[in-house]
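Working notes for the structure below.
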Amino acid sequence: MLKHEVVVVGAGLAGQRAALAAREAGRDVAIVSKLHPLRSHSGAAQGGINAALGAEDSVDTHIYDTVKGSDYLGDQDAIEFFCREAGPTVVEMEHFGTVFSRSPDGSLARRAFGGAGFPRTIYAADRTGLALLQGLWERLGIEQFTLYNEWDLMRLVVRDGRVQGLVVFDRIHGIFEEIAAKSVVLATGPAGRIYGRTTNAHTCTGDGIAVAYDAGAFVKDMEFVQFHPTALLESSILITEGARGEGGILKNATGERFMTRYAPHVLELASRDVVSRAIVTEVAEGRGFSGPYGGYVHLELMHLGREKIESRLQEICDFSRHFAGIDPVREPIPVYPAQHYMMGGIGTNIRGATNLAGVFAAGEAACVSIHGANRLGGNSLLETLVFGQQAGKAAAEYAAGAPATQLRAADLEAVETPLRAWSSRPDGEDPARLRTEMQQTMERYAGIYRNEADLFEGLKRIRALRARFERIRVVDASKVYNLNLTDAVEVGHMLELAEIIFVGAYARTESRGAHARTDFPKRDDAKWMRHTMAEKGPEGPRLSYTPVAFTRWEPKERVY
């Protein structure tokens, strides 16, 4: 059995920042990651990171924009802390070696992003996440840590009122391992692969959220699922909001700049939920283009000129040319919304602490909540760093005073036994088929627009899939890189989270941010100014509710 004081699960920006903070506090730190840290999904973030820097902008404006963008469901105490940490965090990352784009005067370049009252998004062309990830990785100094690379999280062991450690799977050798830990930080990222059309990588399967839920953690606000307005039509590859921030415009099949109807003051730079609904409405009402991959609209960049497009949107040029055969310098890009981000996650406080002693979470796996019902672009990269650091510090403090932990043979057996049954069945359910049916169900019944009948039907189908999952079969008997086995585990995690999304969405009888109910089209502050908390019960998720934290801003109509 392996032992460490602090174990961080996930090696993207949140996980690396947590590990660095815990190591700086003097703790013995290990990192568990299902893929190499520099291949983490943080590296796919394109557009930028928000911070109110310079005399023209203000932290208060950033706070207000984030509160408004959240459709007033974000906790304002957490948002204020978050925005005040933004400037120092960006400066720190520059000192760590992140190479940001510069203005002609040498200052940090900034671009406009949706829902922001000022262009405060600092960027590195359109590869900001990768630039931050490389800078942090170099600062981390991996010789100071134990890295368990290509290991999958299987179980979080909580006993005697506190965490005891983890059970993990070593993909390379095909063996299960126990890691005793005084504290654990879950930074495993998103769960976007629950949906078929998503900008998320194939590794984004919600492992940390599901494993924490199984261990008794509260999962918060999972009904709020963000769709990014502009994903490349066929592949769902992200076309950064920075493209619109640089001046890109959206047009329908009649050549109309249709955002004048939905957000007349800010047009394409309305918040993501507003722009996504506008595109879906245009297509549904017959004003979109049609093609073999469904309806879509055009994102036009041509008027910006070759130099600006190719210098500031290098990756978008590459993606459009290689994956769609489109040259954005000369042609419009076909786009349609795709699932992009989960506002919900493991419920935490500002320090990353969950309701389980010794268990902390950060990044997209966590829900503080700063994003509420809708996240503003540019706030997610900042979130990983600000709350990754907080979670790492808190985990180190907890570990310093925690008694020794101990795992038992039964903890390992509880994971191995059912998985052995999966491999010994002569027949059973194919995990790939279950995954496809789950993704189709989410797309059809829990998309951008929702209603009671669809949510009820979708929940019924997901529960039927969960019942079929009990008969899952793994046909690959090999030990080394048994992806049939790890795929099956991931499908189980995603089905569990899909059920939580449906239960929470069915119960929330209002429209707020990314949760748009056609049968309840108005926001209901009297009843629903509260967070959804899901706890695992014998019959499925048990819901309870907690109030939203207010400081200075009372809810009002959200217009752009």
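Some notes on this structure:
- Qualifying positions in region 313-342 - in contact (Cβ under 8 Å) with a residue 40 or more places away in the chain and touching a Lys or Arg at 6+ places or on another chain (Cβ under 6 Å): 315, 338, 341
- Residues of region 232-261 satisfying the condition of being surrounded by fewer than 18 Cβ atoms within 10 Å (Cβ to Cβ), under 25 Å from the mean Cα position of the chain (by Cα) and farther than 20 Å from residue 314 by Cβ: 234
- Within region 375-396, the presence of a residue that is without any contact (Cβ under 8 Å) to a residue 40 or more places away in the chain and either part of a strand (DSSP E or B) or surrounded by fewer than 24 Cβ atoms within 10 Å (Cβ to Cβ) (or both) is excluded.
- Here residue 29 fulfils each of the conditions (1) touching a strand residue (DSSP E or B) at 6+ places or on another chain (Cβ under 7 Å); (2) open to solvent by 10 Å² or more (accessible area, probe 1.4 Å) apart from (2).
- Scanning region 74-86 for residues that are open to solvent by less than 10 Å² (accessible area, probe 1.4 Å), assigned to a helix (DSSP H, G or I) and either farther than 21 Å from residue 136 by Cβ or not aliphatic (A, V, I, L, M) (or both) yields a total of 5.
- Out of 126, 152, 105, sole residue that is crowded, with 17+ Cβ neighbours inside 10 Å and in a loop (DSSP other than H, G, I, E, B): 126
- Take the conditions (1) open to solvent by 60 Å² or more (accessible area, probe 1.4 Å); (2) closer than 15 Å to residue 184 by Cβ; residue 435 misses just one of them, which is (2).
- For region 456-491, filtering for residues that are at pLDDT below 95, over 14 Å from residue 431 (Cα atoms) and open to solvent by less than 80 Å² (accessible area, probe 1.4 Å) leaves 1.
- For region 285-297, a residue qualifies if it is without any contact (Cβ under 8 Å) to a residue 60 or more places away in the chain and either of a type in the set (A, V, I, L, M, F, W, C) or buried (at least 18 other Cβ atoms within 10 Å of the Cβ) (or both), and the qualifying residues are 288, 289, 295, 297.
- From the list 326, 346, the lone residue that is assigned to a strand (DSSP E or B), touching a Ser or Thr at 6+ places or on another chain (Cβ under 8 Å) and either surrounded by 14 or more Cβ atoms within 10 Å (Cβ to Cβ) or at pLDDT 95 or above (or both) is 346.
- Residue check for residue 21: among the small types (Gly, Ala, Ser), touching a Lys or Arg at 6+ places or on another chain (Cβ under 7 Å) and not in a loop (DSSP other than H, G, I, E, B): yes
- Residues of region 537-553 satisfying the condition of being open to solvent by 60 Å² or more (accessible area, probe 1.4 Å) and in contact (Cβ under 8 Å) with a residue 60 or more places away in the chain: 550, 551, 552
- Test set (1) open to solvent by 50 Å² or more (accessible area, probe 1.4 Å); (2) at pLDDT below 95; (3) within 19 Å of residue 11 (Cβ to Cβ) - residue 147 fails condition number: (2)
- The lone criterion from (1) in contact (Cβ under 8 Å) with a residue 40 or more places away in the chain; (2) in a loop (DSSP other than H, G, I, E, B) left unmet by residue 426 is number (1).
- Single condition residue 489 does not satisfy, out of (1) within 27 Å of residue 373 (Cα to Cα); (2) in contact (Cβ under 8 Å) with a residue 12 or more places away in the chain: (1)
- Helices (runs of 4 or more DSSP H) completely within region 228-286 that count 3 or more residues being in contact with a Leu (Cβ under 6 Å, 6 or more places away or on another chain) and more than 17 Å from residue 513 (Cβ to Cβ): none
The values are calculated or read from the model by the stated rules, or taken from the named source; none is laboratory data. All figures in this text were calculated on a predicted structure; none of them were measured in a lab. Virtual Cβ from ideal backbone geometry, glycine too; neighbours counted across all protein chains shown. Calculation scope for accessible area: heavy atoms of the full protein, side chains included, ligands and nucleic acids excluded. Shrake-Rupley method; radii C 1.70, N 1.55, O 1.52, S 1.80 Å.
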